[in-house]
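Below is one structure; the comments refer to it alone.
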Amino acid sequence: MSAKRAIKAFISKLPFGEKVLSKLVADRQKREIEKRIAVMKEKGNLSVKEIETALSDSGITYFATCGTLLGLIRENRLLSNDYDMDYAILVESTDSWKKLEKTMQGIGYELIRHFSLGGRVTEHTYRSKDGIEIDFFGHFIEDGELCFYSYDKLPEVKYPSEKHWSAYILRNGAYAGVKRIETQIGTVTVPVNAEEYLTYNYNDDWRIPDPNFKANTGKGCSLLEGRYGMIETD
């Protein structure tokens, strides 16, 4: 047993030990988020330009998604409290993820983890040397709809292992293609029907900032009961 695990095991056996551990973890996560927000404020705009330039020559169909898309469409910039970036790729062949990894490595971004569902890779996360993290959500056309997958840990679920996460599917209507728009941070690639796409992900009132919005609660999102995504650290 490592020293860290031994210390955690000792603390957990003390009176109120579990509460102490929970607070320590929460405090550490808060500090990490604050640090990542600061990095995004300083380097986020440049990172978008790097990604757009690299992916434009990659042969991959891509666009901004989730919180990054929300900021670009609603506020014409990145969200001020975002701590990572979200992009999408259209998974058109088994080589799509390999092309992405090669492209991102070419501009200094390291693959740090990925999610899979039923043996199929659905998400990559990369980190730059500056500490910017980017989630790439694989988008698939299934039953005529554009969809992707998201994952979360639910307190009421007993997971088979730490690698197992509850899985959600986010359906975004018919795929309409991509377009480039001008924003405060430069030219970015977004879905042709970006407003409709945001409605599926953030509900009809997405134009109104909601600091209490919870992920995986948009009207296009459904929990996949009994199915688990698997996270792997690369």
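The values are calculated or read from the model by the stated rules, or taken from the named source; none is laboratory data. None of these values were measured; they are calculated from a predicted model. Because the Cβ atoms are built from the backbone with ideal geometry, glycine has one as well, and the counts that use them run over all protein chains shown.
Listing for the model above:
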| item | result |
| --- | --- |
| Lone qualifier among Thr53, Thr125 - being at pLDDT 95 or above, outside any strand (DSSP E or B) and hydroxyl-bearing (Ser, Thr, Tyr) | Thr53 |
| Given (1) more than 12 Å from the chain's Cα centre (by Cα); (2) aliphatic (A, V, I, L, M); (3) modelled with pLDDT of 95 or more; (4) within 26 Å of Ile185 (Cβ to Cβ), number of the condition Leu79 does not satisfy | (3) |
| Odd one out for Ser161 among (1) at negative phi; (2) surrounded by fewer than 17 Cβ atoms within 10 Å (Cβ to Cβ); (3) in contact (Cβ under 8 Å) with a residue 12 or more places away in the chain; (4) not in a strand (DSSP E or B) | (3) |
| Selection count where residues are closer than 20 Å to Asn216 by Cβ, surrounded by fewer than 19 Cβ atoms within 10 Å (Cβ to Cβ) and small (Gly, Ala, Ser), scope the stretch 116-158 | 2 |
